[in-house]
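Here's the structure, in structure tokens; my notes come after.
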Amino acid sequence: IEIVIKDTSTVDGILKLLEKEGVCTAEDLKKEMLNGKFRSPLLDEASTNSSIYYKFEGYLLPDTYYFYKNDDPNRVLQKFLDNLESKFPQKMRDDAKAKGYTTSQILTMASIIELESCGYYDEMSKIAAVFYNRLNQWPAGQRKLQSDPTMNYPYGDGAYNTYEVEGLPPGPLCNPTKAAIEAAVYPEENFDYYFFVTDKNFKFYYNKTDAEHTRTIANLKRQKLWK
């Protein structure tokens, strides 16, 4: 069976799709996630934060896969993990580590980039730079990413809401694409912006100050471009 995992897919959505297509039941896959043994250095390095609902969130890379009807749940999940490892290779993981980030943190940042980019891959490295600037350059106590999609993650009792918590969420909010992972490891260089917004045509506007950001929004509303 050919299964296409779309960008921004969550574990919940993927399990429902696999069950609908007759690959495995969602219940069997959930059990395997909890109890199965897998060969995956990436999964071995996953965060153990108790707020994480699905350990596999962020590790089921969007792509095209081929499975069998009534497939083995362990085999299905291992195929996802193997694909992620091939698309997030050791060189990238080493580069992330050199910058002070774990693979789990990179996948978490990549998931935010994925959700914020609205599928516009060319903007991902700039979005990554904006969030890293907030994370690394705003004063301690004010390092809130303020990413709108993080308010909507249904698990974690608010721990994923970056308007309320400082720094990165405890884990990924969706399963990011290879492009988003690359942007998380290699953000746009020398891009000293801290705010961005899109208009209803999905044109991106970047600003350095809150005042500039506010003016941009006001201009978009005046031009009836605010979505």
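The values are calculated or read from the model by the stated rules, or taken from the named source; none is laboratory data. Model, not experiment: these values are computed from the prediction. Here the Cβ positions follow ideal geometry from the backbone for every residue, glycine too, while neighbour counts run over all protein chains shown. Quick note on the areas: whole protein, heavy atoms, side chains included, nothing else; ligands and nucleic acids left out. Shrake-Rupley method; radii C 1.70, N 1.55, O 1.52, S 1.80 Å.
Assess whether ILE52 counts as being in contact with a Gly (Cβ under 6 Å, 6 or more places away or on another chain) and of a type in the set (A, V, I, L, M, F, W, C).
Yes: the conditions hold for ILE52.
Within the range 50-85, track down each residue that is surrounded by fewer than 14 Cβ atoms within 10 Å (Cβ to Cβ) and among the polar types (S, T, N, Q).
Passing the criteria: SER50, THR64, ASN70.
Residues in the range 48-66: is at least one charged (D, E, K, R), over 25 Å from PRO169 (Cβ atoms) and modelled with pLDDT of 95 or more?
no
Taking ALA159, is it touching a Pro at 6+ places or on another chain (Cβ under 8 Å) and hydrophobic (A, V, I, L, M, F, W, C)?
Yes.
Looking at PRO149, is it open to solvent by 20 Å² or more (accessible area, probe 1.4 Å), part of a helix (DSSP H, G or I) and either touching an Asp or Glu at 6+ places or on another chain (Cβ under 6 Å) or not basic (Lys, Arg) (or both)?
Criteria met by PRO149.
Can you tell me which residue within the range 67-125, out of those that are of a type in the set (A, V, I, L, M, F, W, C) and without any contact (Cβ under 8 Å) to a residue 60 or more places away in the chain, is farthest from SER40 (Cα to Cα)?
MET124
Given the structure, is LYS208 surrounded by 11 or more Cβ atoms within 10 Å (Cβ to Cβ) and either in contact (Cβ under 8 Å) with a residue 24 or more places away in the chain or more than 23 Å from the chain's Cα centre (by Cα) (or both)?
For LYS208, the condition - surrounded by 11 or more Cβ atoms within 10 Å (Cβ to Cβ) and either in contact (Cβ under 8 Å) with a residue 24 or more places away in the chain or more than 23 Å from the chain's Cα centre (by Cα) (or both) - is met.
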